[in-house]
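K.L.:
Have a look at this one before I ask anything.
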Amino acid sequence: MHRVTALVRPVQSTFELGCAAEVFGTERDGVPNYYEFGVCTETPGLVPTTAGYSLNVAHGLAALSSADTVIIPGWTPVDAPLSDHVRRALLRAHGRGARIVTICQGVFALARTGLLDGRAATTHWARAERLQAEFPRIHVRPDVLYVDHGDVATSAGAGAGIDLCLHLVRRDHGAAHAALLARHMVMPPHREGGQTQYAPTPPPSDMLDGLLDWVEGRLGSPLAVRDMAAHLNVSPRTLARRFDDQLGTSPGAWLLARRVVAARTLLEDTDLPVDAIATRVGLASAVNLRRRFRAQVGTTPGAYRRAFRVS
């Protein structure tokens, strides 16, 4: 039996802990049980939660010494220090072969052990910039659902924690078992770790003399970089320099990104077929939209619509 132990702390997020418990700690009729799930904390006793009630946790850090998988389900607040006792317990567990898994902000605790130095990791998109600033030796990937190195794994927001946990089940016991468990949970059977987090896209900040708003109103037209430059009466080279200075990207890359953002909105808010959406956002054809959409978002327009269609 594979032992999965969640390390909790005050104030513990109930949803992140629930993600781990739902996948590894819930017995279901007709689903073989391969895991033994438990919870521990640095100081056993009552652990307050974000939901307003407390958990009575009986086990201390010694529980990590027999865990095959250690899960850190969130870490609130993210600047909460990692005590020497917890750090040593995590390093000992890792050293003897346990895999360390984090959900959402739990990555901040793992980062403080040094086990992520020189490696890729992810967290909720809203915390990615802070993670990178605080731990510059980590390659933070804010645009993926999870990153699995085998011995350590990190996930994005809480929902992506379920994706990561199901991915680990798939790795441990195969795709068929993971799919069976996902069906009982009424979850998609598999979402690749490289799929985008679907972070909300902020409206463009027009620092280019009204150009960005002008382009936004003409996305369905066959606009090119030369048309954008002509609108400002500058050369394409000058336009490229201004984009790089003010937006950190090229005019062509920005224009393509805005077309894909517009397509996302239409997929969420309308029943338009994919070819019609492609025309409306200036990508000409459904084939081109699918190719550009997958490259930018990490999934297909159809899969995106099924996941995010607003009723």
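The values are calculated or read from the model by the stated rules, or taken from the named source; none is laboratory data. Predicted model, so just to flag it, every value in this text is computed and none were measured. When we count neighbours, we look across all protein chains shown, and the Cβ atoms used for this are built from the backbone with ideal geometry, even at glycine.
One line per residue, one yes/no per condition, for (1) over 18 Å from ALA111 (Cα atoms); (2) assigned to a helix (DSSP H, G or I); (3) touching a residue at least 40 places away in the same chain (Cβ under 8 Å):
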| residue | (1), (2), (3) |
| --- | --- |
| GLN132 | no, yes, no |
| ALA153 | no, no, yes |
| ALA160 | yes, yes, yes |
| CYS165 | yes, yes, yes |
| ARG170 | yes, yes, no |
| ALA176 | yes, yes, no |
| ALA179 | yes, yes, no |
| ALA182 | yes, yes, no |
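K.L.:
Ok, one more. Quick check on my filter: what residues within the range 1-37 are out of contact with any His (no Cβ under 6 Å at 6 or more places or on another chain), part of a strand (DSSP E or B) and buried (at least 17 other Cβ atoms within 10 Å of the Cβ)?
P.N.:
Across the range 1-37, the qualifying residues are ARG3, VAL4, THR5, ALA6, LEU7, VAL8, GLN12, PHE37.
K.L.:
Next question, about the same structure. Which ones in the range 38-55 are in contact (Cβ under 8 Å) with a residue 24 or more places away in the chain and outside any loop (DSSP other than H, G, I, E, B)?
P.N.:
Within the range 38-55, GLY38, VAL39, CYS40, THR41, VAL47, PRO48, THR49, LEU55 meet the criteria.
K.L.:
Sticking with this one: Looking for whichever is of a type in the set (Ser, Thr, Tyr) and not in a helix (DSSP H, G or I) here; the options are THR249, THR279, THR265. Which one fits? Working first, answer last.
P.N.:
Numbers: THR279 fails: not in a helix (DSSP H, G or I); THR265 fails: not in a helix (DSSP H, G or I).
Only one candidate passes the filter, namely THR249.
K.L.:
Please find, among LEU223, LEU208, the residue that is in a loop (DSSP other than H, G, I, E, B), under 33 Å from the mean Cα position of the chain (by Cα), in contact (Cβ under 8 Å) with a residue 12 or more places away in the chain and more than 29 Å from ASP275 (Cβ to Cβ). Show your work before the answer.
P.N.:
Details: LEU223 fails: more than 29 Å from ASP275 (Cβ to Cβ).
Going through LEU223, LEU208 in turn, the sole match is LEU208.
K.L.:
When you look at THR265, is it over 23 Å from ASP143 (Cα atoms) and of a type in the set (S, T, N, Q), yes or no? Steps first, please.
P.N.:
Values: over 23 Å from ASP143 (Cα atoms): no; of a type in the set (S, T, N, Q): yes.
In short, no.
K.L.:
Within the range 124-136, is even one residue loosely packed, with under 14 Cβ neighbours inside 10 Å, among the basic types (Lys, Arg) and either assigned by TED's automatic domain parsing to the domain that holds SER66 or under 17 Å from ASP151 (Cα atoms) (or both)?
P.N.:
No, the conditions are met nowhere in the range 124-136.
K.L.:
Next up: Would you mind stating whether GLY210 is at positive phi and at pLDDT 80 or above? Can you show your working first?
P.N.:
Numbers: at positive phi: yes; at pLDDT 80 or above: yes.
Spelling it out, GLY210 is indeed at positive phi and at pLDDT 80 or above.
K.L.:
In addition: Report yes if some residue within the range 57-73 is of a type in the set (D, E, K, R), assigned to a loop (DSSP other than H, G, I, E, B) and at pLDDT below 95; otherwise report no.
P.N.:
Taking the range 57-73 first, the residues of a type in the set (D, E, K, R) are 68.
Next, from what is left, pick out any that are assigned to a loop (DSSP other than H, G, I, E, B): 68.
Then keep just the ones that are at pLDDT below 95; that gives none.
No; the residues of the range 57-73 include none that is of a type in the set (D, E, K, R), assigned to a loop (DSSP other than H, G, I, E, B) and at pLDDT below 95.
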